[in-house]
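Trainee: Could you have a look at this structure, given as structure tokens, before my questions?
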Amino acid sequence: MSLIGIDLGTSAIKVGAYATDGTPLAAAHRPVPGYHPEPGHSEVDVLESREAFRSALGELAAHPSLKRDPPVAISFSSSGREVFPVGEDGTPLGRCLSTSDTRGDDVAAETASRRSPEDWQRLAGHVPRRMDPVNRALWWRKTDPATAARTRWFMNWHEFYSLLLSGRPVVDWSDAGTWATYDVATGDWSP
């Protein structure tokens, strides 16, 4: 019963398999290029990341140690704040804006002005910021309404790769809280 851990980084996809006692069994690493089309812009091509993911996971899965000790669980590590538009069929519709991308301060200011800082803290656990997924989604809607209209989901890395592996986008409450639209007190999406 081995375990697989995957670091869904913006500069590389790193995968590792471990025995339940922590002994390393196999590892793979694939670089992911970053793009900086203008000052302050920082993007990742989701299709290139997906190819790196598939390649690294394929190498890991083919390793003889995993044939002897098949995986029983998989875990992702990634930034929960980076989102990108995804179509109904699971196809990425645009690049992912990295956390360091400076676009969207105006959108974040609009969102933050809807409630007091105290209300935001109580409802979402933090005051909205530019890199919050909801503000990234609103930025897409404001700057590229045609893409936003075709978007089924705005996903972060682990939701996207959960969809890719299982057919379902999955998010836990701690990651959902980064959206600034998840009500941590009720455990549900805020109306």
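Trainee: Only bridges with both residues in the chain count here: give the DSSP antiparallel percent, nearest 5.
Mentor: Details: 25 of 31 bridges.
In the chain, DSSP labels about 80 percent of beta bridges as antiparallel.
Trainee: Kindly write out, for the stretch 18-33 in residue order, the coupling ³J(HN,Hα) from the Karplus curve 6.51 cos²θ - 1.76 cosθ + 1.60 (θ = phi - 60°), rounded to whole Hz, with x marking Gly and Pro.
Mentor: 9, 5, 5, 8, x, 5, x, 10, 6, 8, 8, 9, 9, x, 10, x
Trainee: Any chance you could give the angle, 0 to 90 degrees and rounded to 10, that helix 157-166 forms with the longest Cα principal axis of the chain?
Mentor: Approximately 50 degrees, to the nearest 10.
Trainee: Distance between Cα centroids, the stretch 83-154 to the stretch 1-74: provide it in whole Å.
Mentor: 26
Trainee: Still on this model: Mind putting a number on the dipole of the stretch 40-120 about its Cα centre? Charges go on the C-beta only, +1 for Lys and Arg and -1 for Asp and Glu, and I need it in Debye to the nearest 20.
Mentor: Working: 9 positive and 15 negative charges, 82 e Å.
That gives the stretch 40-120 a dipole magnitude of about 400 debye.
Trainee: OK, next. Can you give the charge dipole size of the stretch 1-63 about its Cα centre, rounded to the nearest 20 debye, using +1 on the beta carbon of Lys and Arg and -1 on the beta carbon of Asp and Glu? Write down the numbers at each step before the final one.
Mentor: On the way: 4 positive and 8 negative charges, 40 e Å.
The dipole of the stretch 1-63 has a size of about 200 debye.
Trainee: Quick one: compute the contact order of the stretch 109-166, relative version, from alpha carbon pairs under 8 angstrom and 6+ residues apart, as a percent. The partial results should precede the final answer.
Mentor: Working: 24 pairs, mean separation 12.1, N = 58.
This gives 21 percent for the stretch 109-166.
Trainee: Which longest uninterrupted range of the chain lacks any trypsin sites (Lys or Arg not before Pro) assigned by DSSP to a loop state (not H, G, I, E or B) and surrounded by at most 14 other Cβ atoms within 10 Å?
Mentor: Numbers: sites that count: Arg114, Arg152.
The longest such stretch corresponds to 1-113.
Trainee: Let me ask something else about it. Give the accessible surface of the chain per residue, rounded to a whole number of Å², with probe radius 1.4 Å and ligands, DNA and RNA excluded. Before the final figure, lay out the partial values.
Mentor: Details: 9690 Å² over 191 residues.
Computed with neighbouring chains in place, this is 51 Å² per residue.
Trainee: Now for a separate question. Using unit Cβ charges (K, R positive; D, E negative) and no other charged atoms, how large, in debye to the nearest 20, is the dipole of the chain about its Cα centre?
Mentor: Roughly 200 debye for the chain.
Trainee: Looking at Ala62, Gly34, Val44, which one has the Cα that reaches farthest to the positive end of the dipole of the stretch 1-79 (charges on Cβ: Lys, Arg +1; Asp, Glu -1)?
Mentor: Value: Ala62.
Trainee: Now for a separate question. What is the set of long-range amide H partners of Asp101 at a cut-off below 5 Å, with H atoms built 1.01 Å from backbone N?
Mentor: Close amide H contacts, sequence-distant or interchain: Ser42.
Trainee: If you roll a 1.4 angstrom probe over the protein chains with everything in place, what fraction of the accessible area of the chain belongs to carbon and sulfur, to the nearest %?
Mentor: Values: 5280 of 9690 Å².
Heavy-atom surface of the chain belonging to carbon and sulfur, 1.4 Å probe: 55 percent.
Trainee: Tell me which residues come under 5 Å, amide H to amide H, from Gly9 once H is placed; ignore anything under 5 positions away on its chain.
Mentor: Lys14
Trainee: If you don't mind, another one. Compute the angle between helix 133-143 and the longest alpha-carbon principal axis of the chain, please, reported from 0 to 90 degrees and rounded to the nearest 10.
Mentor: 60
Trainee: Explain nothing, just compute: Karplus ³J(HN,Hα) = 6.51 cos²θ - 1.76 cosθ + 1.60, θ = phi - 60°, for every residue of the stretch 69-76 in order, whole Hz, x for Gly and Pro.
Mentor: Coupling constants for the stretch 69-76: 9, x, x, 10, 8, 9, 9, 10 Hz.
The values are calculated or read from the model by the stated rules, or taken from the named source; none is laboratory data. Everything quoted here is computed from the prediction, not taken from an experiment. Heads up, the Cβs are rebuilt from the backbone with ideal geometry, glycines too, and the neighbour counts pull from every protein chain shown. Accessible surface is based on the protein model in full, side chains and every heavy atom, while ligands, DNA and RNA are left aside. Shrake-Rupley method; radii C 1.70, N 1.55, O 1.52, S 1.80 Å.
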